[in-house]
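Undergrad: Before anything else, here's the structure in question.
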Amino acid sequence: MALYVHIPFCVAKCYYCSFHSYAIGRENCVLRGLGQRNSLMERYVKALLKEGEKYSRSEYLAGKSFDSLYIGGGTPTCLTGGQLYLLLASLRELFGIPPEAEITVEANPGTLDSGMLRKLREGGCNRLSLGVQSFDSRELKALGRIHQVSDVYNTFNEARREGFANINIDLMYGLPGQDLRQWAANLKEGVELRPEHISLYQLSLEENTPFYDLLQKGLLAEFAEDTAAEMYSLAQGYLAANGYGHYEISNYAKSGWESVHNKKYWKYKEYLGLGSGATGFLDGNRYTNYGDIHAYCDAVIADKRPVEAEEIIDTRTAMAEMIFMGLRLKQGVSKKDFAERFTERIEDIFGETIQRLKAKGLLEESTSHVFLSEKAIPLASIVFIEFLP
Ligand code: SF4
């Protein structure tokens, strides 16, 4: 199983961000220092540990083993090194997570220094995921990111010195005014760092963000889809030529460094989610915790479940979800895993749909897997819809 922990704090909100996070303010953040220490964060860490402790004693999780822990956000490195150490060490002990499990912490360049990196390592963190986004200072500024390009190199090199052998970098494309040449330059800088893993995301203009307001006012345009497609295919070719396998729609890795944690989602495994706004999927039940951080802390401290919404996923929906999550992987959906999970063959449930999509050249099939064809990758969402009940 996988364990996800959400830290809903950021130094400032990026202009495109619709993720669940609170801005703590640039003036309060000790950049390159020991992170932020305030009573809300201390209360939050206590609540997280209490929520974790309760789940660790649950009957359902007894005997289950975890091989991945992911602390994401937000910006987890807004917490202090000491708080992150406490979280890592305590959660690993509560859930019996072994040192060889994949233990990731997300971080923004410029919010951590060697002291914090050391604390992460001492807590057992063995993978860092850095929100780099761009190597162009104008692009970073336009996105509202808090870091400078120099922070990326400093943080990355510092992490290597502290012994991080597994680093992911996130990069974004389809930025306002960005052209193919600028995107190619970002990819080149990213590859030259030689991270083990690279995630690429196209900027999307989400509601309730400053970018969306600009879109509504006609001051920002949607990015041209054909240019975005060219950027995607440029990345595919460039990263393949530099030894990065394209193992999932948005993810590339050197051989053997694919993300264990994210593969759990794509393979439709169960996962436990802790924290405000976190989602979990246990025993066919998908739940989401209170997004309001105070409501979350109050509920946990009062010994109540901090769940805002939950849904029992019926078998037919679960089958469809397993397919469209699995189709995100280059390898596709395993027929054996599907049969083991549902005691029915994928061909018996979706045979007609699979054949129709194969005839259109959108799906391919081997004896063990069903997967997207090369041409269907940019059209993945159209294919996914075909499997919905
Ligand atoms: S750092 Fe990430 S989570 Fe925080 S505001 Fe920016 S995009 Fe959102």
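Undergrad: Which residues, counting only those in the stretch 1-54, are within 16 Å of the ligand (Cβ to nearest atom), at pLDDT 80 or above and out of contact with any Cys (no Cβ under 8 Å at 6 or more places or on another chain)?
TA: Hits for the stretch 1-54 are Y4, V5, H6, P8, A12, K13, C14, Y15, Y16, S18, F19, H20.
Undergrad: If you go through the stretch 55-80 one residue at a time, how many are assigned to a strand (DSSP E or B), away from the ligand (no atom under 16 Å from the Cβ) and in contact with an Asp or Glu (Cβ under 7 Å, 6 or more places away or on another chain)?
TA: 1
Undergrad: So, restricting to helices (runs of 4 or more DSSP H) that lie completely within the stretch 334-389, which ones have at least 3 residues that are within 26 Å of Y232 (Cα to Cα)?
TA: Working: elements: 335-342, 346-359, 380-385.
Filter on the stretch 334-389 gives 346-359, 380-385.
Undergrad: While we're looking at this one, here's another question. Could you check, for the stretch 218-233, whether at least one of its residues is free of Cβ contacts under 8 Å to residues at least 24 places away in the same chain, of a type outside the set (D, E, K, R) and under 27 Å from F371 (Cβ atoms)?
TA: Scanning the stretch 218-233, I find at least one residue that is free of Cβ contacts under 8 Å to residues at least 24 places away in the same chain, of a type outside the set (D, E, K, R) and under 27 Å from F371 (Cβ atoms), so the answer is yes.
Undergrad: Does the stretch 35-77 hold any residues that are farther than 22 Å from C10 by Cα and among the aliphatic types (A, V, I, L, M), and which are they?
TA: Within the stretch 35-77, L61, A62 qualify.
A quick yes/no check of all residues on (1) more than 21 Å from the chain's Cα centre (by Cα); (2) in contact (Cβ under 8 Å) with a residue 40 or more places away in the chain; (3) closer than 30 Å to K188 by Cα:
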residue: L272; (1), (2), (3): no, yes, no
residue: Y287; (1), (2), (3): no, no, no
residue: Y296; (1), (2), (3): yes, yes, no
residue: R305; (1), (2), (3): yes, no, no
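Undergrad: Next question. Given the criteria surrounded by 13 or more Cβ atoms within 10 Å (Cβ to Cβ), assigned by TED's automatic domain parsing to the domain that holds G72 and closer than 25 Å to Y22 by Cα, does I146 qualify?
TA: Criteria met by I146.
Undergrad: Among the listed residues S114, S137, identify the single one that is within 30 Å of E192 (Cβ to Cβ), at pLDDT below 95, in contact with a helix residue (DSSP H, G or I) (Cβ under 6 Å, 6 or more places away or on another chain) and surrounded by fewer than 21 Cβ atoms within 10 Å (Cβ to Cβ).
TA: On the way: S137 fails: at pLDDT below 95.
Sole residue among the options that is within 30 Å of E192 (Cβ to Cβ), at pLDDT below 95, in contact with a helix residue (DSSP H, G or I) (Cβ under 6 Å, 6 or more places away or on another chain) and surrounded by fewer than 21 Cβ atoms within 10 Å (Cβ to Cβ): S114.
Undergrad: Out of the residues in the stretch 81-94 that are buried (at least 20 other Cβ atoms within 10 Å of the Cβ) and among the hydrophobic types (A, V, I, L, M, F, W, C), state the one that is nearest to the ligand (Cβ to nearest atom).
TA: Looking at residues that are buried (at least 20 other Cβ atoms within 10 Å of the Cβ) and among the hydrophobic types (A, V, I, L, M, F, W, C), I get L84.
Undergrad: Given the structure, is E162 under 18 Å from the mean Cα position of the chain (by Cα) and acidic (D, E)?
TA: Values: under 18 Å from the mean Cα position of the chain (by Cα): no; acidic (D, E): yes.
Criteria not met by E162.
Undergrad: Let me ask something additional. Determine, yes or no, whether I97 is crowded, with 16+ Cβ neighbours inside 10 Å and closer than 30 Å to G63 by Cα.
TA: Against the criterion (crowded, with 16+ Cβ neighbours inside 10 Å and closer than 30 Å to G63 by Cα), I97 qualifies.
Undergrad: Mind counting the residues in the stretch 275-307 that are touching a strand residue (DSSP E or B) at 6+ places or on another chain (Cβ under 7 Å), closer than 21 Å to L61 by Cα and not in a loop (DSSP other than H, G, I, E, B)?
TA: 10
The values are calculated or read from the model by the stated rules, or taken from the named source; none is laboratory data. Computed from a prediction, not measured in an experiment: that's the story for all the values here. Counting neighbours? That spans all protein chains shown, and the Cβs are built from the backbone with ideal geometry, glycine included.
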